[in-house]
Amino acid sequence: MPADDSNPQLKQKKMPTFLSSALSVLIKAAVLLMLLFVFDRLLPSISQHTQSFVIAKWQQLSLLQQEPPTENSLPSPLPEQHLTDTWGAARSQGRSHEGIDIFAARGTPIRATTQGIVSKVGENTLGGRVVVVVGPGGAGHYYAHLEDYADISPNDWVDAGDIIGYVGDSGNAKGTPPHVHYGIYINGSAVNPYPLLQKN
Ligand SMILES: [Zn+2]
């Protein structure tokens, strides 16, 4: 007896096969659409993240390759204010002054003296509210006794002249005339910022 396609048993078998293959195509299409949707949402953020990571690394490398600050090369963090060399002055507990103090009215904007990467926006006991920027040559630029910070966070890039915070008397300067304590650290050692700053 030849194979009979009209055999109701065979027909019953064909219908589910057709349905299941149609269903599997539909499921595949749905999964594909979902994946496309997810990638569409995800990819731009991944590539943006990768981009900013690569840019940050490139900036760090180029910073390290630049020369650390030289004499009279840095704009003042408080350009309108008179500079005095207070480096090395005696401080409490036998410490000597590892930086210079520049006085100005409370709330005066403090400007970055170099381009660089913000490495700290936070508090310590002596400095109160402080900002640290790592600049050319890997030099650390330390701004202390801030009243408040500018809208910056660690790993942000700043250019020379950008506002990083505001003059205050936080930390062990509490109750003294508001000023910024500005320190520069090259290869981990404090150096006198005064000769490196431009004088008006
Ligand atoms: Zn100081």
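Here are the numbers:
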| item | result |
| --- | --- |
| Residue, nearest to H181 (Cα to Cα), within region 89-105, restricted to residues that are loosely packed, with under 13 Cβ neighbours inside 10 Å and away from the ligand (no atom under 13 Å from the Cβ) | A105 |
| Yes/no for V180 being surrounded by 16 or more Cβ atoms within 10 Å (Cβ to Cβ) and within 16 Å of P79 (Cα to Cα) | yes |
| Boolean, I117 is part of a strand (DSSP E or B), under 25 Å from the mean Cα position of the chain (by Cα), away from the ligand (no atom under 16 Å from the Cβ) and surrounded by fewer than 21 Cβ atoms within 10 Å (Cβ to Cβ) | yes |
| Residue tally, condition away from the ligand (no atom under 11 Å from the Cβ) and either out of contact with any strand residue (DSSP E or B) (no Cβ under 8 Å at 6 or more places or on another chain) or at pLDDT below 95 (or both), over region 169-185 | 1 |
| Residue check for D85: within 24 Å of N200 (Cβ to Cβ) and either surrounded by 20 or more Cβ atoms within 10 Å (Cβ to Cβ) or in contact (Cβ under 8 Å) with a residue 12 or more places away in the chain (or both) | yes |
| Region 54-69, residues that are under 23 Å from A112 (Cα atoms) and either within 15 Å of the ligand (Cβ to nearest atom) or exposed (fewer than 11 other Cβ atoms within 10 Å of the Cβ) (or both) | K57, W58, L61, Q65, E67 |
| Filter result for V132 (within 16 Å of the ligand (Cβ to nearest atom), surrounded by 19 or more Cβ atoms within 10 Å (Cβ to Cβ) and not basic (K, R)) | yes |
| Positions within region 141-155 being within 16 Å of the ligand (Cβ to nearest atom), free of Cβ contacts under 8 Å to residues at least 60 places away in the same chain, crowded, with 19+ Cβ neighbours inside 10 Å and at negative phi, in sequence order | H141, Y142, A144, L146 |
| Which numbered condition V118 misses (of (1) touching a Ser or Thr at 6+ places or on another chain (Cβ under 7 Å); (2) farther than 27 Å from S52 by Cβ; (3) of a type in the set (A, V, I, L, M, F, W, C)) | (2) |
| From V158, V131, V191, residue being touching a residue at least 12 places away in the same chain (Cβ under 8 Å) and touching a Phe, Trp or Tyr at 6+ places or on another chain (Cβ under 8 Å) | V131 |
| Complete set of residues in region 73-110 that are in a loop (DSSP other than H, G, I, E, B) and touching a helix residue (DSSP H, G or I) at 6+ places or on another chain (Cβ under 7 Å) | S73, L83, D85, W87 |
| Region 71-116: number of residues that are in contact with an Asp or Glu (Cβ under 7 Å, 6 or more places away or on another chain) and of a type in the set (A, V, I, L, M, F, W, C) | 2 |
| Every residue from region 156-168 that is crowded, with 18+ Cβ neighbours inside 10 Å, away from the ligand (no atom under 16 Å from the Cβ) and aliphatic (A, V, I, L, M) | V158, I164 |
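The values are calculated or read from the model by the stated rules, or taken from the named source; none is laboratory data. In this text, all values refer to a predicted model and were calculated from it rather than measured experimentally. Every residue, glycine as well, gets a Cβ built from its backbone with ideal geometry; the counts of neighbours run over all protein chains shown.
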